[in-house]
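Accompanying notes for the structure given below.
What follows is calculated from the coordinates using simple rules that are stated; it is not laboratory data. What you see is a predicted model, and the numbers here were worked out from it, not measured in a lab. No Cβ is skipped: glycine too gets one built from the backbone with ideal geometry, and neighbour counts run over all protein chains shown.
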Amino acid sequence: MARIDLDLAHAYRANPERDEDYALLPLKMSFEDGGAYALLGPSGCGKTTLLNLVSGLVTPSQGSVSYDGRDVTRLSPQQRNIAQVFQFPVIYDTMTVAQNLAFPLRNRGVPADRIKQRVGHIAEMLDMSAQLDLRAAGLAADAKQKISLGRGLVREDVSAVLFDEPLTVIDPHLKWQLRRKLKQIHHELKLTLIYVTHDQVEALTFAQQVVVMTRGRAVQVGTASELFERPRHTFVGNFIGSPGMNFLSARGTGNGIQIGPHTLAAPSPALAAIDRFTLGVRPEYVQLAAAGSAGALPAVVTQAQDIGTYWLVTARIGTAADAPVLRARLGLDQDIPAVGDAVWLGVVGDHTCYYRNEELMA
Ligand SMILES: Nc1ncnc2c1ncn2[C@@H]1O[C@H](COP(=O)(O)OP(=O)(O)OP(=O)(O)O)[C@@H](O)[C@H]1O
Ligand SMILES: [Mg+2]
């Protein structure tokens, strides 16, 4: 296993000039030895590009990749000793499950008894022990994907195991099981794992550190709770959470902060001095408040949905056509307001974040 350091950028086209020409904008980050990471972001944000730069399938158009301090920028995935699992299973249909799992080991001359042991162990972890002698050709898509996962995990001597959306063709229940398995495998084998997904639940349950990406930029690397509590960029606030963070345009008035037609006491003098900024508050932290409470805004409820374990209440601040909307997650123990009700919603509190130019202010 290895610690992986990146200091690079990548453009697939020659002579990149504008930001849009880069699949990956200049990025400096490290994957710690033995860490479990997820690369999370919408389609086209650069997840596969980043993964392929780590493995060596793609060479960065500028900068370098190093493993344990050694420059590997020009080395192939084989030379870097990487196991990579792709979105669509790469397996040999004419071989049995056992032969498929053994392939990466046989290729490297591992002794037969050791191969048997490893294949048995991996098959057991993936609940495939009963299928070892079946030909891969006859198996369902999810079983093939499990073989593909197994082939990524069978070697013990790799620098890192990389997964590119490896569970896409698997049904939700099995997906959940496999994700738990992967987490367990990580725990047992202490592998450096990097896992690409566009599903936040998958990323947040699997990884210790999540790299959130948008349009070629890694905007934040953090734990689930860091991404939830202190999103460093409005994209993270919006992308993480269900639903995402509420954002309200605000301006400092010298002694207060103004949101729409309302002025609230400023949480800090520094904020009151900033002309324009954005207030961000997660629906979990928007509270029903008494009329006129400090840090609360008057609003009218436009929707109240019972989600089962909580209510999702949507309210509009003011009557203007473009009046801002706030969403609040309210517990079942509270008096849930009805559509049309006038309410006061607390938006300024310890969990509120403030942004300028999309970036969190310290
Ligand atoms: N081989 C390539 N040649 C040219 N452009 C590419 C190539 N591969 C990817 N791109 C472009 O680079 C950008 C990032 O693509 P990438 O495949 O890394 O995104 P992704 O986050 O993995 O997306 P998805 O979730 O759809 O797999 C996109 O604009 C894509 O069109
Ligand atoms: Mg991809």
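Things to note:
- Rg ratio (alpha-carbon, reference 2.2 N^0.38 Å) - the stretch 23-115: 1.30
- Residue-by-residue Karplus 3J(HN,Hα) for the stretch 150-155, coefficients 6.51, -1.76, 1.60, Hz, glycine and proline x: x, 5, x, 9, 6, 7
- Given the chain, longest segment not containing exposed loop trypsin sites (Lys or Arg not before Pro) (DSSP; at most 14 other Cβ within 10 Å): 277-362
- Principal axis extents of the Cα atoms in the stretch 141-227, from largest to smallest and rounded to whole angstrom, are 34, 30, 23.
- Mean projected area of the Cα convex hull of the stretch 192-236, taken over all directions, amounts to 3.1 nm².
- Residue order, fewest to most surrounding Cβ atoms within 10 angstrom, among Leu101, Leu6: Leu6, Leu101
- Charged side chains reduced to their Cβ positions (Lys and Arg at +1, Asp and Glu at -1) give the stretch 259-362 a dipole of some 160 debye around its Cα centre.
- In summary, the convex hull built on the alpha carbon positions of the stretch 58-180 has an orientation-averaged projected area of 8.7 nm².
- Footprinting exposure proxy ranking of Ile240, Ile82, Ile336, fewest other C-beta atoms within 10 angstrom first, gives Ile336, Ile240, Ile82.
- Proximal lysine pairs, the chain, alpha carbons under 21 Å, eight or more residues apart or interchain: 15
- Dipole moment magnitude, nearest 20 debye, the stretch 4-239 about Cα centre, only Lys, Arg, Asp, Glu C-beta charged: 340
- The stretch 6-23 and the stretch 34-71 have Cα centres separated by 14 Å.
- Against the empirical curve 2.2 N^0.38 Å, the C-alpha radius of gyration of the stretch 246-360 lands at a ratio of 1.04.
- Remark on the chain: Rg and Dmax equal 24.8, 76 Å (Cα only).
- The order of Cys45, Cys353, going from fewest to most other C-beta atoms within 10 Å of their C-beta, is Cys353, Cys45.
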